[in-house]
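Student: One structure, as structure tokens, below. Some questions next.
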Amino acid sequence: MKVAVLASGEGSNLQVLLDTVQGRHGIEIVAVASDKRSARALERAVAAEVEVASFPLDLFDDRAARDRAMAEWLLERGAELVVLAGYMQLLGREFLAAFPERVINVHPALLPAFPGLNAIQQALSYGVKVFGVTVHFVDDGVDTGPVILQRAIDLPDAREPEEVLERLHPIEHELLPEAVRLIARGAVRVDPENRRRVLIDRDAAVDPADPGARPTASGMGDR
Ligand code: GRF
């Protein structure tokens with residue numbers, strides 16, 4: 001499965017994908033794109049010898065034109081799955097239609113709570129005791145697509161966004177590669193009876209090369 005990654009910033013999630021799924025499980029990361037010319041994520045991709053491109057808005061008439069150019073660039077590279085790893089722009093319907101049910105995102109909250117920007121700050125301001133991470137399919141809303149994997153963490157005393165992020169990052173770094181591996185194995189599908197619900201096939205989810213290993217994220221066990 002050819003995978004493209006979109007990232008706007010640091011790219012720690014991209015790095016984990018490069019380190020743990022690239023060239024394994026039949027997965028090839030073929031392209032990394034950004035809306036920012038100088039995203040650290042692009043440097044990480046270059047270091048891993050993955051093709052990169054940036055699509056800053058000022059080069060295009062509007063967002064739709066930018067998305068069109070980006071979709072074209074990704075399709076030319078054969079991308080079958082698009083992973084948003086800290087990509088801070090919304091994608092329009094036209095882009096999503098080019099990759100139907102093949103765009104996923106990692107979000108630092110337990111959706112549907114705290115969608116959009118500054119999710120961790122939103123959660124802290126609300127005063128929650130349980131934080132978490134969601135990997136979901138992307139639709140044309142803001143973090144509203146069907147949930148693939150989620151994991152919660154109790155942080156009853158958290159006060160600062162930085163300390164929450166420090167605890168959430170390792171969870172993101174497990175769930176996002178896990179979702180990519182599951183999709184590559186054909187173990188993830190949307191329930192035709194309830195298109196909000198994502199089914200994970202536990203049998204297909206076992207790596208034939210390592211049959212003792214069971215995926216760990218919650219969200220397993222839907223079948
Ligand atoms: C992550 O916290 C992710 O949940 C959010 O953006 C951040 C990206 O971090 N969507 P990094 O650039 O992968 O380090």
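Student: I want to confirm something. Restricting to the stretch 84-104 and keeping residues that are buried (at least 20 other Cβ atoms within 10 Å of the Cβ) and within 14 Å of the ligand (Cβ to nearest atom), which single residue is nearest to VAL147 (Cα to Cα)?
Tutor: ILE104
Student: When only residues in the stretch 132-148 that are free of Cβ contacts under 8 Å to residues at least 40 places away in the same chain and over 12 Å from the mean Cα position of the chain (by Cα) count, which is surrounded by the fewest Cβ atoms within 10 Å (Cβ to Cβ)?
Tutor: GLY141
Student: Could we say that ASP35 is touching a Phe, Trp or Tyr at 6+ places or on another chain (Cβ under 7 Å) and surrounded by 21 or more Cβ atoms within 10 Å (Cβ to Cβ) here? Reasoning before the result, please.
Tutor: Details: touching a Phe, Trp or Tyr at 6+ places or on another chain (Cβ under 7 Å): yes; surrounded by 21 or more Cβ atoms within 10 Å (Cβ to Cβ): no.
The answer is no for ASP35.
Student: Please enumerate the residues belonging to the stretch 22-50 that are acidic (Asp, Glu) and within 30 Å of ALA204 (Cβ to Cβ).
Tutor: GLU28
Student: Hey, can you tell me all the residues within the stretch 16-44 that are without any contact (Cβ under 8 Å) to a residue 40 or more places away in the chain and under 18 Å from ARG77 (Cα atoms)?
Tutor: LEU18, GLN22, GLY23, GLU28, ILE29, VAL32, LEU42
Student: For residues that are touching a Leu at 6+ places or on another chain (Cβ under 8 Å) and within 11 Å of the ligand (Cβ to nearest atom), scanning just the stretch 105-131, find the one that is most open to solvent (accessible area, probe 1.4 Å).
Tutor: In this case the residue turns out to be PRO108.
Student: Separate question: Just one of the numbered conditions (1) open to solvent by 50 Å² or more (accessible area, probe 1.4 Å); (2) in a helix (DSSP H, G or I); (3) in contact (Cβ under 8 Å) with a residue 24 or more places away in the chain is not true of ARG151; which one?
Tutor: The single condition ARG151 does not satisfy is (2).
The values are calculated or read from the model by the stated rules, or taken from the named source; none is laboratory data. Because the structure is a prediction, the values reported are computed rather than measured. For neighbour counting, all protein chains shown are included, and Cβ atoms are generated from backbone atoms with ideal geometry for every residue, glycine included. These accessible areas exclude ligands, DNA and RNA; they are computed on the full protein's heavy atoms, side chains included. Shrake-Rupley method; radii C 1.70, N 1.55, O 1.52, S 1.80 Å.
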